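Data block below; observations after.
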Amino acid sequence: MADIRFEHVVKTYDNGVTVIPDLNLEIKDKEFVVLVGPSGCGKSTTLRMIAGLETISEGELYIGDHVVNDVAPKNRDIAMVFQSYALYPHMTVYKNMAFALELRKTPKAEIDQKVREAARILELEPYLDRKPKALSGGQRQRVALGRAMVRDPEVFLLDEPLSNLDAKLRTEMRSQISSLHKRLATTFVYVTHDQTEAMTMGDRICVMKAGIIQQFDTPQQLYNYPDNVFVAGFIGSPQMNFVEARVDANGSSYDLVFGNDRIRVDKPELARYIGKEVILGIRPEDLHAEEDFIRKAEDACFTAHVKLAEMMGSEIYLYFDILGSQKIARIPSRIPAGVDMDIRLAIDTDKVHVFDKDTEKAICH
Amino acid sequence: MEKRRKLSDHIWTIILALLAVAYCYPVFMILINSFKKERAIGTGSIFKLPSKETFNGLAHYVSAIESQGFLKSLGFSLLITITSVAAILLFCSMCAWYITRVENKFTKALYYLFVFSMVVPFQMVMFTLSQTADKLGLNRPFNIWIIYLGFGAGLAVFMFAGFMKSIPLEIEEASMIDGCNPIQTFFLIVLPILKPTLVSVGVLEAMWVWNDYLLPTLVLDIRKYKTIPMLIQYFRGGYGKVAMGPMMASIMLTIIPIVIVYLAGQKHIIKGVAAGAVKG
Ligand SMILES: Nc1ncnc2c1ncn2[C@@H]1O[C@H](COP(=O)(O)OP(=O)(O)OP(=O)(O)O)[C@@H](O)[C@H]1O
Ligand SMILES: [Mg+2]
């Protein structure tokens, strides 16, 4: 049993800066949780508190049933993979992986068996006698994983382990880490600032900003039901489009008015906002240029002047302005659309998100 | 362009070769004279190579080794050098580790104190030192290493700290997670990574302690203990008689161990000096 629980945890660094003001987070046993957020938001700090490398200023951290605030890293039964890999430069790959077990006085035969097993899974067998400096980045990365694996830890911590790899290797390692998680069946906490990594790997994703959790949920929930503007903008690529709009009553439903355009939205939650400004969020794929869609959605159409068109293969990304700020639409590439054309776009009003302008919290999805 | 660079390379090679000859020449002089008969080591004939008449074989070496407790002094010198260097390496690397890893005002002050100690000339403190050493009983070859530790610490801490800054902290954190206590982290991780610096510092300090004349002369009880450099001085002391032959022979004998140490550590010295400068 290794669930991890933060209860009102505060982290203030020696220089007096409070990086984490009040963290409450519960990570379940065997779960793959991704901590994601912009640079400097406190992801590494959170992870290092779990590892015991940073002290906890206030509050309690539980691993299993025990408060571990004052437990030394070596007694927490965790393994960590660092961004820089942090391999021991003077040891061979084999020794690097065996080191933790040797410290625990594991019998030689068992060490050998475990190291070779890990090397086989990670395809490191040919390199066991090499020193880290004679390895490529991807191989070093796998050694770092192997070093953590052989220990059978209760908790696996990974701090941006893939950020030093090229795009192709990153995709490859992503699936390797995912399958490693299934194989080991332990708790994984994975830090990244790359939302694609977060979406593809996490059972649940914890989106952080300035030390505060914005939303902690499954990838589907985050994508389809973001709690606030920050999460909506952070998750998804290309980014969600945001438009400031005014709410007008229109019979039994409501109109969202921006510039000269108005779209009809059928959400009862908007009643309280009549006459007020809200933020309308539309994902690029919820803008449609197909004929039949436009015909059906007469009251949710507007005309966009294409500034830039990026051909992606099956889709085209169209860039255009609404009220002076740039927006993106993803439309099927068979639709004729090019730079400087005026194109009719329909909004899929079932999938729009509306946010309160002051609190930036979601009103309805 | 390519050609010109080659030409300047050649010029540098010649200049450096000449310099090397200039540096080696005195040693070479001592070497040839140590093989000459006593009367041929005069002002007039000192630059001459040994000839058939003046060649003395290994006679001076034999008499140097047999005379005046050469072997005993050799023993003292070895003892002092080994204990001092060992103490400097062990304590200074630990100290530098503390200074680089625990950052506060105290360690910063400590660091500057060590650096400052390098610029204090030995002559400034030597008389008070010899009295203090007498009082504390540090005037024997068995514990003079404590004094050497003090005088060698400046350079050693400076060099160790410089290199330790370039070891990523994450390596030590990884070892803590892997199950090391601080002592294990130091001896199993930090020291092995530090090996090139250990060798460089070790060789530099060994050369200094081995060749040091002034400090042991001032501190040690001269009637009982003589290190090799002190002993060599005694070849010319005495009653006006200067035994040049045996003196040169013993100089040659004392150079040998330190040259061996230097050659053995040379590869690491270059690595150690470069490691501090270039990261990775
Ligand atoms: N030792 C420290 N002393 C003081 N402040 C620190 C220290 N370490 C980190 N910080 C500050 O804490 C904040 C969070 O740092 P942290 O490393 O957790 O960010 P992060 O989310 O991991 O960012 P990144 O994606 O860039 O790695 C940053 O503003 C940073 O400046
Ligand atoms: Mg980080």
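Values for this structure:
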{"quantity": "Verdict on A:Phe32 being more than 16 Å from ligand 1 (Cβ to nearest atom), touching a strand residue (DSSP E or B) at 6+ places or on another chain (Cβ under 6 Å) and touching a residue at least 12 places away in the same chain (Cβ under 8 Å)", "calculated": "yes"}
{"quantity": "Residue satisfying condition, being away from chain B (no Cβ under 13 Å) and touching an Asp or Glu at 6+ places or on another chain (Cβ under 7 Å), within set A:Ala134, A:Ala109, A:Ala119, A:Ala100", "calculated": "A:Ala119"}
{"quantity": "For A:Met201: the one exception among (1) surrounded by fewer than 21 Cβ atoms within 10 Å (Cβ to Cβ); (2) away from ligand 1 (no atom under 16 Å from the Cβ)", "calculated": "(1)"}
{"quantity": "Selection status of A:Asn75, away from ligand 1 (no atom under 14 Å from the Cβ), more than 14 Å from every other protein chain (Cβ to nearest Cβ), farther than 17 Å from A:Ile213 by Cα and out of contact with any Lys or Arg (no Cβ under 8 Å at 6 or more places or on another chain)", "calculated": "no"}
{"quantity": "Helices (runs of 4 or more DSSP H) wholly inside the range B:166-260 containing at least 3 residues that are touching a Pro at 6+ places or on another chain (Cβ under 8 Å) and more than 12 Å from chain A (Cβ to nearest Cβ)", "calculated": "B:228-236"}
{"quantity": "Some residue of the range B:144-158 being open to solvent by less than 50 Å² (accessible area, probe 1.4 Å), in a helix (DSSP H, G or I) and within 14 Å of another protein chain (Cβ to nearest Cβ)", "calculated": "no"}
{"quantity": "Count of residues meeting criterion [touching an Asp or Glu at 6+ places or on another chain (Cβ under 7 Å), within 16 Å of ligand 2 (Cβ to nearest atom) and either farther than 28 Å from A:Val9 by Cβ or in a helix (DSSP H, G or I) (or both)] in the range A:158-214", "calculated": "0"}
{"quantity": "Odd one out for A:Ala51 among (1) under 30 Å from B:Thr197 (Cβ atoms); (2) away from ligand 2 (no atom under 16 Å from the Cβ); (3) touching a Lys or Arg at 6+ places or on another chain (Cβ under 9 Å); (4) in contact (Cβ under 8 Å) with a residue 24 or more places away in the chain", "calculated": "(2)"}
{"quantity": "Yes/no for A:Ser44 being free of Cβ contacts under 8 Å to residues at least 60 places away in the same chain and within 15 Å of ligand 1 (Cβ to nearest atom)", "calculated": "no"}
{"quantity": "Residue selected from the range B:49-65 under the condition among the hydroxyl-bearing types (Ser, Thr, Tyr) and in contact (Cβ under 8 Å) with a residue 12 or more places away in the chain, by the criterion surrounded by the most Cβ atoms within 10 Å (Cβ to Cβ)", "calculated": "B:Tyr61"}
{"quantity": "Filter result for A:Ala2 (more than 16 Å from ligand 2 (Cβ to nearest atom), open to solvent by 20 Å² or more (accessible area, probe 1.4 Å) and either in the same structural domain as A:Val155 (by TED's automatic domain parsing) or over 21 Å from A:Ala210 (Cβ atoms) (or both))", "calculated": "no"}
{"quantity": "Residue within the range A:228-235 that is within 16 Å of ligand 1 (Cβ to nearest atom) and within 14 Å of chain B (Cβ to nearest Cβ) present", "calculated": "no"}
{"quantity": "Considering residues of the range B:66-79 that are part of a helix (DSSP H, G or I) and open to solvent by 70 Å² or more (accessible area, probe 1.4 Å) only, the residue modelled with the lowest pLDDT", "calculated": "B:Glu66"}
{"quantity": "Subset of the range A:155-173 that is away from ligand 1 (no atom under 16 Å from the Cβ) and modelled with pLDDT of 90 or more - its residue that is farthest from A:Gly233 (Cα to Cα)", "calculated": "A:Val155"}
{"quantity": "The one condition in (1) free of Cβ contacts under 8 Å to residues at least 40 places away in the same chain; (2) more than 19 Å from B:Gln233 (Cβ to Cβ) that B:Ala87 fails to fulfil", "calculated": "(1)"}
{"quantity": "Single condition A:Lys74 does not satisfy, out of (1) within 30 Å of A:Ala118 (Cβ to Cβ); (2) within 16 Å of ligand 2 (Cβ to nearest atom)", "calculated": "(2)"}
{"quantity": "Residues (surrounded by fewer than 17 Cβ atoms within 10 Å (Cβ to Cβ) and within 21 Å of A:Ile78 (Cβ to Cβ)) located in the range A:185-198", "calculated": "A:Ala185"}
{"quantity": "Check on A:Pro126, more than 14 Å from chain B (Cβ to nearest Cβ), closer than 24 Å to A:Glu172 by Cβ and surrounded by fewer than 19 Cβ atoms within 10 Å (Cβ to Cβ)", "calculated": "yes"}
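The values are calculated or read from the model by the stated rules, or taken from the named source; none is laboratory data. It should be emphasised that the depicted structure is a prediction, and the values quoted were computed from it without experimental measurement. All Cβ positions, even for glycine, are placed from backbone atoms using ideal geometry, and neighbour counts span all protein chains on display. Note: areas computed on protein heavy atoms with side chains; ligands, DNA, RNA excluded. Shrake-Rupley method; radii C 1.70, N 1.55, O 1.52, S 1.80 Å.
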